[in-house]
Every structure is written in structure tokens, then in C-alpha cells.
Amino acid sequence: MTKVHPNLNPELQSDSEEFNCGKGGGEAEVLTVWRKSLLFNGHGFTVFDPKGNLLFRVDNYASESKGEIVLMDAAGRPLLTIRRKKLSLSEHWSVYMGECRTGEPLFSVRKNIRPLQKKILLDITTAGPASHTHLHVEGSYSRRCCSVLDDSRREVATVKCKELPTGSGVAFGRDVFRLVVEPGFDPARAMAIVILLDQIFKR
């Protein structure tokens with residue numbers, strides 16, 4: 001099995017210089033996502049920044065049946081709490097700041113069930129200071145090729161396969177991929193969307 005640890009294996013570092021899709025005067029942040037918990041050596045997520053440092057982690061993925069997942073920083077401090085809404089006709093999740101589990105969520109996510117818009121995977125409603133904004137996810141998560149788009153169809157984040165130089169002799173499956181976050185979009189929120197894609201579409 002290919003070893004995933006950017007600081008120990010330079011081949012696995014997020015290739016921010018090679019892959020620059022930044023828009024609007026800034027560079028995109030290219031993160032490496034590993035579908036594995038380093039703490040429990042099992043189900044979870046470990047996310048590295050472009051320099052190969054630990055950025056985010058999810059260690060409680062094994063308790064997903066409880067309908068709650070916590071995204072933490074490298075030190076284990078809760079950043080976002082993801083909760084599934086009960087008694088919903090479709091997959092409906094809410095994302096809260098820190099360990100908060102009540103009040104207005106930062107954003108809500110629903111699985112798209114509209115038959116005429118099959119390319120849309122998720123509908124996202126984000127709470128703002130004066131109004132709500134809408135995002136949606138298009139593409140294929142199973143193929144690790146999907147985009148988070150705003151109302152103007154501008155990409156704010158994308159999920160892409162992790163590629164290595166030709167002839168390196170190292171290959172990755174679907175458990176290691178890239179999360180490209182455009183300037184102005186919160187990487188933690190982008191990662192929360194990835195967690196929900198995995199939660200809803202992993203089967």
C-alpha cells in the first residue's frame with residue numbers, strides 16, 4: 001500500500017505550484033485528502049496543506065451512525081460539527097460552527113433528488129449576514145471529479161484525483177485525492193462538503 005505522509009514523502013505533497021487554478025488575483029489552495037484517521041488507524045479523514053503539514057482531521061467517522069461528524073484542526077480542536085437532520089424525506093444535513101449543535105447552522109446540505117437535474121449531487125444553502133446564498137455540487141464523487149459552484153456557476157472548490165509524475169511507480173486509489181479551494185472560500189467549509197459527499201455517496 002502506498003504510504004501517505006507528505007512531510008516524509010515529497011511525492012505526496014499537494015502540488016500547488018504545478019496546479020494553479022486561482023482566480024481573482026490569488027492562488028488556489030491545493031489540499032491532499034486521505035480517507036483515513038491517523039489517530040485510530042481506521043475510518044476518518046486526514047487533510048494536509050500544500051506544504052505537507054496536517055491541517056484537518058476527522059477521527060469520529062466510525063460513529064457515523066449517530067448522525068454527527070466533527071471536523072477538527074490539527075490539534076484536535078473542533079472547527080465544524082456536521083449533523084444529520086432527522087425525519088427528512090431525503091439526505092439533509094446541517095453544519096454548525098465549533099461544537100455548536102443548536103441555532104442557525106452555517107449552511108445546510110441536501111441530496112439532490114430532482115430527476116431532471118441528475119448532474120447535481122448536492123444543494124447547499126449558506127446563511128449570510130443579510131441573506132442566504134446557494135451553492136451546488138456537480139460531477140461524480142465516486143470518480144473524484146466534482147465541483148462546488150456558486151449561483152454564477154463559478155467554481156469555489158473542486159475534488160480531483162491525486163496524480164503523480166509518469167513513471168514514478170506510485171499509484172493512488174480513491175482514498176487519496178486533491179481538494180482545490182479557490183481564494184475567498186473557506187477550506188474548512190470545503191472539507192465539510194467533501195465529508196458530506198463521502199457520507200451520502202460512498203456506497
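The values are calculated or read from the model by the stated rules, or taken from the named source; none is laboratory data. Computed from a prediction, not measured in an experiment: that's the story for all the values here. Here the Cβ is made from the backbone with ideal geometry for all residues, glycine too, and neighbour counts use every protein chain on show. Accessible surface is based on the protein model in full, side chains and every heavy atom, while ligands, DNA and RNA are left aside. Shrake-Rupley method; radii C 1.70, N 1.55, O 1.52, S 1.80 Å.
Details
- For region 21-30, the count of residues that are surrounded by 18 or more Cβ atoms within 10 Å (Cβ to Cβ), within 23 Å of ARG154 (Cα to Cα), in contact with a helix residue (DSSP H, G or I) (Cβ under 8 Å, 6 or more places away or on another chain) and modelled with pLDDT of 90 or more is nonzero.
- Residues of region 173-203 satisfying the condition of being assigned to a loop (DSSP other than H, G, I, E, B) and under 15 Å from CYS145 (Cα atoms): GLY173, ARG174, ASP175, LYS202
- Identity of the residue in region 49-65, modelled with pLDDT of 85 or more and not in a strand (DSSP E or B), that ends up least open to solvent (accessible area, probe 1.4 Å): GLY52
- Residue count for region 94-113, restricted to those that are assigned to a loop (DSSP other than H, G, I, E, B) and under 18 Å from the mean Cα position of the chain (by Cα): 4
- Restricting region 162-186 to residues that are under 16 Å from VAL47 (Cβ atoms) and open to solvent by 50 Å² or more (accessible area, probe 1.4 Å), the residue that is modelled with the highest pLDDT: ASP186
- Note on region 114-129: residues that are open to solvent by 100 Å² or more (accessible area, probe 1.4 Å) and either within 19 Å of the chain's Cα centre (by Cα) or not charged (D, E, K, R) (or both) amount to 3.
- Exactly one residue out of THR81, THR46 is modelled with pLDDT of 80 or more, in contact with a Cys (Cβ under 7 Å, 6 or more places away or on another chain) and outside any loop (DSSP other than H, G, I, E, B): that is THR81.
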